[in-house]
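The values are calculated or read from the model by the stated rules, or taken from the named source; none is laboratory data. Model, not experiment: these values are computed from the prediction. For neighbour counting, all protein chains shown are included, and Cβ atoms are generated from backbone atoms with ideal geometry for every residue, glycine included.
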Amino acid sequence: MRDTVIFDFGGVITSSPFEAFARLERERGLPADFIRRVNATDPDANAWARFERAEIDAAGFDAAFASEARVLGHELRGEDVLALLAGDIRPRMVHALDWLKAHGYRIGCITNNVPSGEGAGMARTAEKATAVAAIMQRFDHVIESSKVGIRKPDPAIYRMMCDHLGKAPEQCVYLDDLGINCKPAAALGMLAIKVTGEAQALGDLAHAIDVAPGLF
């Protein structure tokens with residue numbers, strides 16, 4: 001029985017930052033998906049990866065990202081990207097967390113984040129930080145890449161969550177908006193759901209834990 005649900009945060013509990021990336025690219029006249037292209041180049045050692053492991057600070061990321069963008073032919077500061085990270089909270093996802101808790105499920109959150117903004121959700125306002133903190137309190141355990149020095153898709157971070165929750169991977173459902181992060185979860189034995197939208201995620205989750213659609 002899968003009695004544990006593990007969530008990514010950005011792009012799952014909140015709207016995807018990729019939507020904000022696309023807006024910025026249009027506003028600046030940058031190629032579509034340019035920010036994702038920068039972040040996909042040398043993905044384990046680039047500025048983004050090092051910042052998610054807290055190996056560099058915000059100023060270091062700002063400069064390193066700008067340098068990487070310049071190599072790819074465009075000017076873009078890292079600080080401009082950081083301002084886009086805190087998405088909008090999805091109320092139905094928060095309701096799902098409450099439903100799961102009320103019905104005896106264990107819930108966890110694994111988030112690749114950076115030491116920027118306020119709190120785990122990298123909020124830019126105190127109001128958003130307070131709202132995110134209230135969501136984080138619902139989880140039985142939260143793992144932040146910037147605090148543990150490991151980031152998805154490293155399988156170690158998924159095993160770390162299982163150990164904290166006292167659950168085997170086969171007991172877990174995992175939701176993430178990035179396929180690259182779903183693959184190691186599935187390889188460990190979790191039922192992985194790639195999130196493309198709120199309704200799709202909740203429908204697939206209901207199916208995964210064998211409950212009627214629309215309960216959350």
ask   = Being over 19 Å from the mean Cα position of the chain (by Cα) and over 22 Å from GLY10 (Cβ atoms), is that true of even one residue in the range 156-163?
value = yes
inquiry  = For the range 163-203, give me the residue count where each residue is surrounded by 18 or more Cβ atoms within 10 Å (Cβ to Cβ) and either acidic (Asp, Glu) or not assigned by TED's automatic domain parsing to the domain that holds SER145 (or both).
reply    = 2
ask   = Which of (1) out of contact with any strand residue (DSSP E or B) (no Cβ under 9 Å at 6 or more places or on another chain); (2) surrounded by fewer than 19 Cβ atoms within 10 Å (Cβ to Cβ) is the odd one out, the single condition ARG2 does not satisfy?
value = (1)
For ALA69: the one exception among (1) touching a Phe, Trp or Tyr at 6+ places or on another chain (Cβ under 8 Å); (2) surrounded by fewer than 19 Cβ atoms within 10 Å (Cβ to Cβ); (3) not assigned by TED's automatic domain parsing to the domain that holds ALA186 = (2)
message = If VAL173 satisfies all but one of (1) β-branched (Val, Ile, Thr); (2) part of a helix (DSSP H, G or I); (3) closer than 15 Å to ALA96 by Cα, what's the number of the condition it fails?
response = (2)
key: Subset of the range 50-66 (residues that are surrounded by fewer than 17 Cβ atoms within 10 Å (Cβ to Cβ) and either in the same structural domain as PRO155 (by TED's automatic domain parsing) or among the small types (Gly, Ala, Ser) (or both))   = ALA58, ALA59, GLY60, ALA63
note = Among ARG37, ARG28, the single one that is at pLDDT 95 or above, under 21 Å from the mean Cα position of the chain (by Cα) and not assigned by TED's automatic domain parsing to the domain that holds PRO169 is ARG37
task = Give the range 204-213 a look and list any residue that's under 11 Å from ALA96 (Cβ atoms) and part of a helix (DSSP H, G or I), or say none.
result = LEU205, ALA206
query = Looking at (1) closer than 30 Å to ALA131 by Cβ; (2) surrounded by fewer than 19 Cβ atoms within 10 Å (Cβ to Cβ), which is the only condition PHE21 fails?
reply = (2)
remark   = The residue that is surrounded by the most Cβ atoms within 10 Å (Cβ to Cβ), considering only those in the range 113-155 that are within 15 Å of GLY87 (Cβ to Cβ) and at pLDDT 95 or above, is ILE135
ask   = Of the residues in the range 176-192, how many are in a helix (DSSP H, G or I) and either in contact with a helix residue (DSSP H, G or I) (Cβ under 8 Å, 6 or more places away or on another chain) or touching a residue at least 24 places away in the same chain (Cβ under 8 Å) (or both)?
value = 7
ask   = How do the helices (runs of 4 or more DSSP H) wholly within the range 44-157 filter down when requiring 3 or more residues that are aliphatic (A, V, I, L, M) and either closer than 20 Å to ALA22 by Cα or without any contact (Cβ under 8 Å) to a residue 60 or more places away in the chain (or both): which remain?
value = 58-71, 126-136
